[in-house]
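Notes follow the structure.
Derivation of every value follows stated rules applied to the coordinates shown; laboratory data play no part. Just so you know, these numbers come straight off a predicted model, no measurement behind them. A quick note on method: Cβ atoms are made from the backbone with ideal geometry, for glycine too, and the neighbour counts reach across all protein chains shown.
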């Protein structure tokens with residue numbers, strides 16, 4: 001009986017409290033960014049397969065082959081996103097200089113004969129066989145990280161801001177010129193707009209930014225006038241139907257595809273323009289296929305996902321520690337949104353055709369990998385990973401300030417010693433005091 005009572009006591013005895021590890025819940029911004037990215041990738045896989053399917057009828061490697069490559073690049077990009085979303089900000093903060101140097105070397109190498117590969121008259125790719133990489137994609141992310149670095153390196157003073165802006169003008173201008181010389185005006189505009197967003201977030205006075213913007217506008221206008229392909233695209237943009245068989249062919253076919261889709265579209269896979277009429281359907285003009293097959297509803301859903309990225313990215317930047325994490329969040333968000341806006345405007349006929357892909361949706365290995373890497377950094381900031389980087393930056397700035405204070409103190413001490421020595425010499429070698437002369 002005693003054993004039964006003891007057993008019952010042991011059964012109904014309150015359990016010892018266990019030590020549990022509480023993991024922080026993801027923030028709203030983190031969840032919104034990750035959800036929008038995954039939805040865009042899933043929709044992109046479906047639309048890339050649909051847009052590239054007609055090429056299989058002509059012996060191409062479209063359809064399943066393009067889908068397999070898109071999924072493969074997406075998986076690699078998601079691994080990079082996962083790594084960078086955990087501690088990516090600390091990594092890129094230390095490697096900003098080497099990353100920028102590598103991107104500049106590749107931008108120069110792609111112009112060399114025998115190294116860079118050209119397609120349709122433009123030389124933008126470097127690589128071997130099917131493994132091709134576009135250095136301008138890496139350069140645009142590296143320049144955004146460099147802009148965030150230079151504006152958070154010093155003390156927030158007017159002089160430091162002017163110095164950082166001059167450095168960015170030199171480095172950013174050189175990068176834009178290298179990208180524009182490929183020629184790639186679309187990526188150049190995306191880089192310029194993203195850098196302007198970082199400069200505005202850093203708090204540069206509007207007068208300096210306005211003067212710099214005017215200079216950039218003059219340079220872009222001169223480039224358009226001197227570069228034949230850019231001038232032709234600008235001319236066809238103003239009236240694409242007058243050049244429907246030449247430079248305005250893409251814009252006209254895109255408008256026909258979107259117009260024929262109506263409100264609900266023709267249905268998945270039922271696009272007619274992708275079958276030999278719409279050039280670059282899986283890449284630059286995939287939005288036209290979305291509009292024809294899914295109609296206004298499909299385009300609205302796509303734009304809604306980019307709106308989620310805009311809201312969550314800017315909200316994460318606002319809540320991030322001031323300095324480097326905040327500027328990285330603004331720069332990456334601007335990079336994604338400006339590229340998406342430029343692509344949408346070009347497909348809808350609101351802007352000239354620039355050849356930039358739609359982020360996370362268009363087929364393209366370089367752009368997909370770089371955009372997912374940038375999203376990983378943005379997720380890192382949204383998840384609170386910028387705190388350690390902000391502390392590191394503040395400690396570095398404090399050490400520099402303390403070093404400068406110590407140097408000034410040592411200089412003042414040496415100056416005071418020299419002054420005391422000079423006074424003693426004058427007292428010993430000069431006139432005696434009046435009492436001694438008497």
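Here are a few things to note about the model shown:
- Shape of segment 81-177 from the C-alpha gyration tensor: oblate (a/c of 1.5 or more and a/b not above b/c, with a ≥ b ≥ c the square roots of its eigenvalues).
- Residue 348-residue 31 pseudo-label distance in nm [points 7 Å out on the Cα-to-Cβ vector]: 3.0
- Residue 102-residue 242 FRET efficiency (beta carbon distance; Förster radius 35 Å; 0.05 resolution): 0.20
- Residue order, fewest to most beta carbons within 10 Å, for 330, 128: 128, 330
- The ranking of 181, 52 from fewest to most other beta carbons within 10 Å of each one's beta carbon is 181, 52.
- Residue exposure sequence - 299, 191 - by fewest surrounding Cβ within 10 Å: 299, 191
- Segment 254-376: C-alpha gyration tensor shape, a/c 1.5 cut-off, then a/b vs b/c: prolate
- For segment 27-394: rounded, prolate or oblate by the Cα gyration tensor [a/c cutoff 1.5]: prolate
- Here the label points at residue 38 and residue 75, each 7 Å from Cα along the C-beta direction, are separated by 1.7 nm in the simple model.
- Two-site label geometry, residue 270 and residue 90: point separation in nm, points 7 Å out along Cα→Cβ: 5.4
- Cβ-derived FRET efficiency at R0 45 Å, residue 111 paired with residue 160, nearest 0.05: 0.80
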